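The values are calculated or read from the model by the stated rules, or taken from the named source; none is laboratory data. Since this is a predicted model, take the numbers as computed values, not measurements. Neighbour counts are summed over all protein chains in view; Cβ atoms, including those assigned to glycine, are modelled from backbone coordinates with ideal geometry. Heavy atoms of the whole protein, side chains included, go into the accessibility calculation; ligands, DNA and RNA do not. Shrake-Rupley method; radii C 1.70, N 1.55, O 1.52, S 1.80 Å.
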Amino acid sequence: DTQEPKTHFGFKSVPEIGQVFSNVASKYDLMNDIMSFGIHRFWKEHFIRTMAPGPGTKLLDVAGGTGDIAMGFFNYCKEIHKDTTAKATLLDINSKMLEVGKKRFSMTSYGETSQIAFELGNAENLESIPSNSYDIYTIAFGIRNCTHIDKVLHEAYRVLKPGGRFMCLEFGKVQNPVVSLMYNLYSFQIIPVMGQLVAADINSYQYLVESIQQFPSQDKFAKMIENAGFTIVNNGWEDLSFGIAAIHSGFKL
Ligand code: SAM
């Protein structure tokens with residue numbers, strides 16, 4: 001499946017998408033908590049538990065932003081396995097988001113270790129990442145922002161070791177009509193206004209809502225993952241909160 005390039009509502013290229021995140025970087029974590037009523041934290045916790053990384057796992061967290069997934073990954077490894085040998089590379093296209101992530105890690109014990117590395121890069125072309133080099137590839141609320149989903153999946157497949165796992169946490173489509181109605185009202189009427197009030201940026205949050213609408217449904221996205229070469233199990237996804245978000249996963253076998 002090749003995907004038609006999308007215009008992203010006037011944001012025509014990846015650097016411009018990057019600009020969206022430059023504008024919101026410093027308020028990103030706060031806005032996530034406010035907009036989702038803190039629910040994104042439960043989704044991410046569930047995502048990490050589903051990942052269930054073993055000791056010494058090597059994780060590539062693409063579109064890692066301010067580091068929620070990498071941090072949750074390290075905490076899991078430490079708490080469950082007493083493991084401090086796990087490694088993560090946090091890759092993002094936006095240097096401001098990476099800076100917020102770096103600062104956050106520098107305030108934790110992980111900041112003093114070689115467990116975490118930061119890399120500026122594009123999910124669609126992971127030129128600095130060797131093939132067959134990571135155990136797990138994650139992308140949380142990031143693939144929606146990429147113009148060519150098929151290129152992202154192709155690169156994910158390339159950089160994973162044989163047996164490695166691709167995992168994606170992303171907004172999905174809600175099937176329940178009542179929840180869907182309420183969710184749409186909230187998304188279109190309230191989120192942009194909150195974006196203006198908290199981050200003084202209505203456009204970026206309007207973009208956020210519209211990008212969620214444009215992203216393929218859970219079953220279509222699962223098909224794309226399969227088409228990229230991954231083996232999927234149990235349909236390939238799990239809905240969270242009525243499908244407001246979903247975890248997709250596939251193995252490079
Ligand atoms: N994964 C983090 C989380 O769950 O909190 C951050 C998600 S944030 C909504 C999306 C991130 O994707 C931003 O940090 C943005 O800079 C990054 N991004 C957008 N397009 C990208 C691309 N083509 N390659 C890599 N990162 C990208």
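Odds and ends about this structure:
- Residue pairs whose Cβ atoms lie under 7 Å apart, sitting 6 or more positions apart in sequence or on different chains, and linking a residue in region 71-99 that is at negative phi and among the hydroxyl-bearing types (Ser, Thr, Tyr) to a partner that is open to solvent by 70 Å² or more (accessible area, probe 1.4 Å) and more than 12 Å from the ligand (Cβ to nearest atom), are Thr84/Lys78; Thr85/Pro55.
- Looking at Ile116, Ile69, just one residue is surrounded by 16 or more Cβ atoms within 10 Å (Cβ to Cβ), modelled with pLDDT of 95 or more and under 14 Å from the mean Cα position of the chain (by Cα), and that residue is Ile69.
- Among the residues listed as Gly121, Gly164, the single one being touching a strand residue (DSSP E or B) at 6+ places or on another chain (Cβ under 6 Å), small (Gly, Ala, Ser) and more than 15 Å from the ligand (Cβ to nearest atom): Gly164
- Some residue of region 3-15 being modelled with pLDDT of 85 or more, assigned to a helix (DSSP H, G or I) and within 17 Å of the chain's Cα centre (by Cα): no
- Total residues in region 214-236 satisfying the condition of being open to solvent by 20 Å² or more (accessible area, probe 1.4 Å) and without any contact (Cβ under 8 Å) to a residue 24 or more places away in the chain: the figure is 7.
- Check on Phe141, within 9 Å of the ligand (Cβ to nearest atom), open to solvent by 10 Å² or more (accessible area, probe 1.4 Å) and touching a helix residue (DSSP H, G or I) at 6+ places or on another chain (Cβ under 9 Å): yes
- In region 151-184, of all residues being aromatic (Phe, Trp, Tyr) and open to solvent by 20 Å² or more (accessible area, probe 1.4 Å), the one that is farthest from Leu253 (Cα to Cα) corresponds to Tyr183.
- Residues within region 68-93 that are outside any strand (DSSP E or B) and in contact with a Phe, Trp or Tyr (Cβ under 6 Å, 6 or more places away or on another chain), tallied: 1
- Filter result for the condition that a residue is surrounded by 15 or more Cβ atoms within 10 Å (Cβ to Cβ), polar (S, T, N, Q), over 17 Å from Leu60 (Cα atoms) and free of Cβ contacts under 8 Å to residues at least 40 places away in the same chain, over Ser187, Ser211: Ser187
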